[in-house]
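Participant: Take a look at this one; I'll ask things after.
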Amino acid sequence: MAVHDTGAPFRLVDLHAHSHCSDGALAPAALVALAAQRGLAVLALTDHDTTEGCAEALAACRTAGIGFIPGAELTCGWRNQEIHVVGLGLEVACGPLQAQLSAVRQQRHERIAAIGERLARHPACDGWNPATGILAAGGVPTRLHVARALVARGLASGVQPAFDRFLGRGQPGHVPAQWPALEDAVQAILAAGGQPVLAHAHRYRLSNGALGQLCSAFRSVGGTALEVSLPGISPNDTARLLRHARLTGLAGSVASDFHEPGVPWRPLGRLDKLPDGIEPILSRLQPL
Ligand code: AMP
Ligand code: MN
Ligand code: MN
Ligand code: MN
């Protein structure tokens, strides 16, 4: 189904969203209810390193008449930079995919435990370990969970201040991570019959030249698309991403990176149409 084809009516699509199976606030069915309210025609669930919520989201999408794309956002590394690759149209039962996801989740657990121990030694936390409750709750633990716990405890005024004071690079609760290689994440997605999409590339701390090299490396290991239509992105960044997509032969994706309703700058499904001249990755996907 090529929803952006010339002549076809424009339909709202969002190919990057989180549920409470990772660091989103909503259950998969509640995410789908919001998508229905927003009039979305197609939704992908792309939780960090898990496909756990896909069965519930698929069932809810069927009821709501929304096309569903099973996905996940895989954490990996390239040149010491953490990179996220969204896999779309995944065969979730694929063994190599689940092995990759499970290995990263194990690393995530260890990292959040280490962050918790560091923070418990910080005078502001005074022995309180924010990781204990997060790890006990299940799901994929992320630093966003830790940031929310710090806010709830009154130790930070918001998520961003929590990253700035405690969790970001150089801060007392920062624990570096060694994620799998970009190529391994892409291979796991391809093994599951999925389309590997480079997520929010404008947010990586890379020069424009290095971003071009990342896009080339991504394409050469089998990546197929770049997120181009993103909320709040500057016209300059959009132009930069489009240029890289064209140069490297990558298709384009539309991606809110929605996590929770209270965050107005990443709303579900409020995305611009892809510009002309770039192939929509959705044309290579079959929504369920
Ligand atoms: P992790 O994947 O464990 O490093 O957790 C990072 C998650 O925290 C991301 O997926 C974002 O959802 C969220 N986040 C929110 N604000 C920030 C920030 N300033 N820096 C990094 N991550 C952030
Ligand atoms: Mn997240
Ligand atoms: Mn991401
Ligand atoms: Mn995301």
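Participant: For the residue pair Arg246 and Val175, what label-to-label distance in nm results when each label sits 7 Å from Cα along the Cα-to-beta-carbon direction?
Facilitator: Here the answer is 4.5 nm between the modelled labels.
Participant: Which whole-Hz ³J(HN,Hα) couplings does the range 163-180 yield from phi under the Karplus relation 6.51 cos²θ - 1.76 cosθ + 1.60, θ = phi - 60°, glycine and proline marked x?
Facilitator: Once rounded to whole Hz, the list reads 5, 5, 8, 10, 10, x, 3, x, 8, x, x, 7, 10, x, 10, 10, 7, x.
Participant: Same structure again: Based on the alpha-carbon gyration tensor of the range 93-218 and its eigenvalue square roots a ≥ b ≥ c, which shape applies: rounded if a/c is under 1.5, prolate if not and a/b is larger than b/c, or oblate? Walk me through the numbers before you get to the answer.
Facilitator: Numbers: a/c = 2.68, a/b = 1.57, b/c = 1.70.
Oblate, since a/c reaches 1.5 and b/c is not below a/b.
Participant: Below 8 Å between Cα atoms, with a sequence gap of 6+, how large is the relative contact order for the chain in percent? Please list the in-between numbers first.
Facilitator: On the way: 575 pairs, mean separation 64.7, N = 288.
RCO, the chain: 22 percent.
Participant: Sticking with this one: Using only Cα atoms and rounding to the nearest 10 degrees, what angle (0 to 90) does helix 208-220 make with the longest principal axis of the chain?
Facilitator: The angle comes out at about 70 degrees.
Participant: Can you give the helix-only mean residue ellipticity at 222 nm for the chain, where every DSSP H stretch with n ≥ 4 adds -39500 (n - 2.57) and the sum goes over all residues, rounded to the nearest 500 deg cm²/dmol? Before the final figure, lay out the partial values.
Facilitator: Numbers: 9 runs with 105 residues, N = 288.
Result for the chain: -11000 deg cm²/dmol, rounded to the nearest 500.
Participant: For a quick check: sort Cys54, Cys125 by the number of other beta carbons within 10 angstrom, fewest at the front. Working shown, then result.
Facilitator: Working: Cys54 25, Cys125 19.
By the 10 Å Cβ count, ascending, the order reads Cys125, Cys54.
Participant: Right, something else. Ranked highest first by the average count of other Cβ atoms within 10 Å around their residues, in what order do 174-185, 248-259 fall?
Facilitator: Numbers: 174-185: 17.0, 248-259: 23.3.
Output ranking for 174-185, 248-259: 248-259, 174-185.
Participant: Moving on. May I ask for the Kirkwood hydrodynamic radius of the chain, worked out over all distinct Cα pairs and given in angstroms to one decimal? Before the final figure, lay out the partial values.
Facilitator: Values: mean 1/r = 0.0519 Å⁻¹.
This gives a value of 19.3 Å.
Participant: Would you please state which residues of the range 172-191 a label at Arg153 would reach in this model, taking the label point 7 Å out along Cα→Cβ and a backbone N cut-off of under 17 Å?
Facilitator: Residues passing the 17 Å test: 172-175.
Participant: Residues with amide H under 5 Å of Ala27's amide H, sequence separation 5 or more or different chain, H placed in the peptide plane at 1.01 Å from N; which?
Facilitator: Sorted by chain and number, the residues that satisfy this are His20.
Participant: Mind listing the phi-derived Karplus ³J(HN,Hα) values for the range 69-81, rounded to whole Hz, using 6.51, -1.76 and 1.60 with θ = phi - 60°, and x for any glycine or proline?
Facilitator: Per residue, the Karplus-derived 3J(HN,Hα) values read 10, x, x, 7, 10, 8, 8, 7, x, 8, 6, 6, 10 Hz.
Participant: Still on this structure: Under the rule a/c < 1.5 gives rounded, and otherwise a/b versus b/c splits prolate from oblate, where does the range 233-288 land using the Cα gyration tensor? Numbers along the way, then the final one.
Facilitator: Values: a/c = 2.70, a/b = 1.32, b/c = 2.05.
It comes out oblate by the Cα gyration axes.
Participant: Efficiency by 1/(1 + (r/R0)^6): what FRET value for Gln107 and Trp265, r their Cβ-Cβ distance, R0 = 35 Å, to the nearest 0.05?
Facilitator: 0.75
Rule-based calculations on the coordinates, nothing more; no lab input. From a predicted model like this one, the values you see are computed outputs, not experimental measurements. Cβ atoms come from the backbone with ideal geometry, glycine included; neighbour counts cover every protein chain shown.
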